[in-house]
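The values are calculated or read from the model by the stated rules, or taken from the named source; none is laboratory data. The structure presented is a predicted model; accordingly, all values stated were derived computationally and were not measured. Ideal geometry is used to build each Cβ from the backbone, glycine not excepted, and the neighbour counts take in all protein chains shown. Please note that ligands, DNA and RNA were not included when accessible areas were found on the heavy atoms of the full protein model with its side chains. Shrake-Rupley method; radii C 1.70, N 1.55, O 1.52, S 1.80 Å.
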Amino acid sequence: AVFSNGSFTCSGTIISANYVLTARHCISGSMSVRVGSVNRTSGGTTRTVSATSTRYDLALMRLSSPISTSYMPLSSAYPPVGSTNSIYGWGMTCYSGCSAATTLKTATVQVTSTNQTDAYGGRAIGSTRINGNAWRGDSGGPQVYNGAQVGVASTADGQSRQYYGSVAY
């Protein structure tokens, strides 16, 4: 879970002992992360973020000190159009009138395009729901194909469509 000035703001992925990958539009103020818990409000390890680097709607957050856990591998290729991918995050579980999920959620989506545009003009993966969608709070969370992260949640309409900034791009 990614926090700005102490408040939950986005999802993210731990990709090494020192770095968390999230969305650029999540970066604001004093950043910190909770790693190693499927509950965004407790458990795991909390680290402050000492530096950030962005490109398109992707952001790397350097942690103030390393952590030991398992890390998400990053894909160097686009997922095939038509493939079934998994998305993860602490986003809202209804279209309106609810808050971010307390426990990490997952959904299955189908890739419709690998030539969309993310919120900052980078190449994005378009997908549509199979059994769920990305929504507010899922920003920065991963889209996973074949065990590796292919995208970072950038924009979604909460109903049928989501665009994930391409990790390969």
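For the reader, a short list of remarks on this structure follows.
- Per-atom-type breakdown for the stretch 22-144 gives carbon and sulfur 46% of the accessible area (1.4 Å probe, protein chains only).
- Alpha-carbon centroid distance for the pair the stretch 63-107 / the stretch 139-169, whole angstrom: 8
- For Y95 and S16, the FRET efficiency from 1/(1 + (r/R0)^6), where r spans their Cβ atoms and R0 equals 35 Å, is about 0.50.
- Where only C-alpha atoms are counted, convex hull volume of the chain per residue in Å³: 95
- Other residues whose C-beta falls under 14 angstrom from the C-beta of V49 contribute a net charge of +4, scoring Lys and Arg +1 and Asp and Glu -1.
- Average accessible surface area per residue within the chain, 1.4 Å rolling probe, Å²: 45
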